[in-house]
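Heads up, the thing below is written out as structure tokens.
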Amino acid sequence: MSVSIEALLRNLQDEDETTRRFAAEDLGDLRVAEAARPLAAALEDPSAAVREAAAAALVRIGGSAAVEAVLPALRSDSAPVRNAACTVLARIGPEAVAALQRLLEDEDKDVRLFAVDILARIGSPAAESALRGALEDRDVNVAAAAAAALGEIGTPAAVGPLIRALKANSWVRCAVARSLGQIGGQSAVEALVGLTQDDDELVAFAAVQSLAELCDPEASRQLQRLAAHPNPVLAAAASAALERVVRHRAIDSPSLSVGGIP
Amino acid sequence: MTARVLVVDDSRMVLDLHTFMLQSGGFEVHQARNGAEALERLLTDHYDLVVTDINMPLMDGYELIRRIRALPQYQSIPILIISTESEAQDKFRGFEAGANLYVVKPVKMQDLVTNARMLLEPALTAPVTSQP
């Protein structure tokens with residue numbers, strides 16, 4: 001028995017939860033673009049099963065119809081609705097990037113932050129390119145989130161833009177330090193060694209943590225200096241990082257003495 | 001005795017930076033990556049202060065705070081929210097859930113340490129009791 005699209009759209013408003021869920025599933029299976037907005041509204045349905053079916057249907061429909069229908073939900077007062085919208089857009093993937101890039105210019109910093117988070121989850125080359133632009137966002141949390149996202153994606157091409165973002169405030173510098181540690185490479189190590197001399201202890205700490213991950217012997221001298229820092233927490237982190245660098249070097253070159261620091 | 005602080009955030013970076021700040025201020029700090037992990041830690045160990053994010057997967061900070069407040073041993077534990085959400089309604093929801101203080105990210109080291117010390121002053125956080 002075939003059911004018309006109109007009937008399915010009506011069923012999406014039915015009082016019975018199962019009827020609404022089946023309608024959402026069918027509209028998704030049929031990839032009915034005109035159902036995108038009613039399905040986006042169903043992300044606020046009182047039933048979790050209907051909300052999940054609506055989200056899955058929107059992902060199946062995909063394309064600009066689903067993307068544009070879901071975008072307003074990012075401004076919902078309800079955190080679960082906003083989270084559902086983020087998940088749908090992330091699962092739609094590269095087709096959502098252009099709209100998300102537009103959101104990076106939004107007046108509302110929370111919306112820009114959501115856009116950054118979703119772009120990070122998509123992680124495509126276009127998403128990464130958009131995230132590089134967000135490093136210069138006027139809001140420190142958005143810029144820091146973009147820096148963190150680039151580290152998660154981990155493409156070496158992001159190192160240059162990340163280093164340029166080191167002029168920003170200390171919170172962004174911390175995020176950059178962490179991301180440089182995730183990406184690695186010679187330029188990243190050099191920048192991190194420089195950051196260990198940052199006036200802000202928090203930034204120096206973030207750099208030390210990343211250098212500990214990278215285990216690059218070039219960092220030894222700065223780590224040794226920080227191991228005598230008056231802040232005992234920073235000094236302990238630097239000592240631990242230094243130990244790790246030395247141990248790593250000893251594993252790489254077994255003939256070297258573990259106790260010897262270059 | 002050193003005060004024990006539980007820091008809850010789904011971002012590894014934020015978790016580590018807030019931990020560094022509080023340790024530098026002399027606190028013993030433990031970490032949880034989400035609300036469920038935080039509740040587990042609170043039930044197996046004793047803590048003097050909770051510092052939590054709001055936007056976290058699985059269980060948001062509001063729900064975490066409500067559940068903490070439902071535990072008899074933590075009805076009066078000071079709870080500090082540190083969130084990127086800066087709207088008045090977000091702060092209202094935080095206080096309504098049971099938080100003692102709401103701070104917008106990013107927080108400076110001195111501010112976090114000062115706020116943590118302030119919240120640990122018993123006179124500021126003890127429940128008000130009626131006089132006989």
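May I ask you to give the percent of accessible area on the range B:4-123 that is carbon plus sulfur, with a probe radius of 1.4 Å?
Working: 2570 of 5050 Å².
The value for the range B:4-123 is 51 percent carbon and sulfur by accessible area.
Could you run the Karplus curve 6.51 cos²θ - 1.76 cosθ + 1.60 with θ = phi - 60° over the range A:170-175 and give me ³J(HN,Hα) per residue in whole Hz, x for Gly and Pro?
Whole-Hz 3J(HN,Hα) from phi for the range A:170-175: 5, 5, 5, 4, 4, 5.
For chain A, calculate the relative contact order in percent as a whole number, restricting contacts to Cα pairs under 8 Å that are 6 or more residues apart.
9
What net charge is computed for the residues neighbouring residue A:116, neighbours being all others with C-beta under 12 Å from the C-beta of residue A:116, Lys and Arg scored +1, Asp and Glu -1?
Once all neighbours under 12 Å are counted, the net charge is -3.
Tell me the carbon and sulfur percent of the accessible area for chain A, rounded to whole percent, probe radius 1.4 Å.
49
Which residues does the label zone of residue A:213 cover in the range A:147-174, counting backbone N under 18 Å from a point 7 Å along Cα→Cβ?
Within reach of a label on residue A:213, which here means backbone N under 18 Å from a point 7 Å along Cα→Cβ, the range A:147-174 contributes A:147-166, A:171-174.
Around residue B:60, under 13 Å between beta carbons, what's the net of Lys plus Arg minus Asp minus Glu among the other residues?
-2
Compute the distance from the alpha-carbon center of the range B:29-88 to that of the range A:82-149, in whole Å.
Value for the Cα centre distance between the two parts: 27 Å.
From the phi angles alone, apply the Karplus equation (6.51, -1.76, 1.60; θ = phi - 60°) to the range B:33-50 and give each ³J(HN,Hα) in whole Hz, x where the residue is Gly or Pro.
Values per residue, Gly and Pro as x: 8, 7, x, 5, 5, 4, 4, 4, 5, 5, 7, 9, 9, 9, 10, 9, 7, 10 Hz.
Could you tell me which GluC sites (Glu not before Pro) in the range B:60-89 are loop residues by DSSP with no more than 14 other beta carbons within 10 angstrom of their beta carbon?
On the way: sites: B:63, B:85, B:87; in loops: B:85, B:87.
Sites meeting the loop and neighbour criteria: B:87.
For the range A:1-150, calculate the relative contact order in percent as a whole number, restricting contacts to Cα pairs under 8 Å that are 6 or more residues apart.
15
Where does the charge balance sit around residue A:162 when Lys and Arg score +1, Asp and Glu -1, over other residues with C-beta under 11 Å from its C-beta?
+4
Show A:124, A:4 ordered by accessible area, largest first, where the area counts protein heavy atoms only and the probe is 1.4 Å.
Correct descending sequence by accessible area is A:4, A:124.
What FRET efficiency comes out for the pair residue B:12/residue A:5, r = Cβ-Cβ distance, R0 = 45 Å, nearest 0.05?
Numbers: r = 46 Å, r/R0 = 1.02.
With a Förster radius of 45 Å, E is 0.45.
The values are calculated or read from the model by the stated rules, or taken from the named source; none is laboratory data. Values in this document were obtained by computation on a predicted structure and should not be read as measured data. Don't worry about glycine lacking a Cβ; one is built from the backbone with ideal geometry, like all the others, and counts go over all protein chains shown. The protein model used for the area step is the full one, side chains on, heavy atoms only, and it has no ligands, DNA or RNA in it. Shrake-Rupley method; radii C 1.70, N 1.55, O 1.52, S 1.80 Å.
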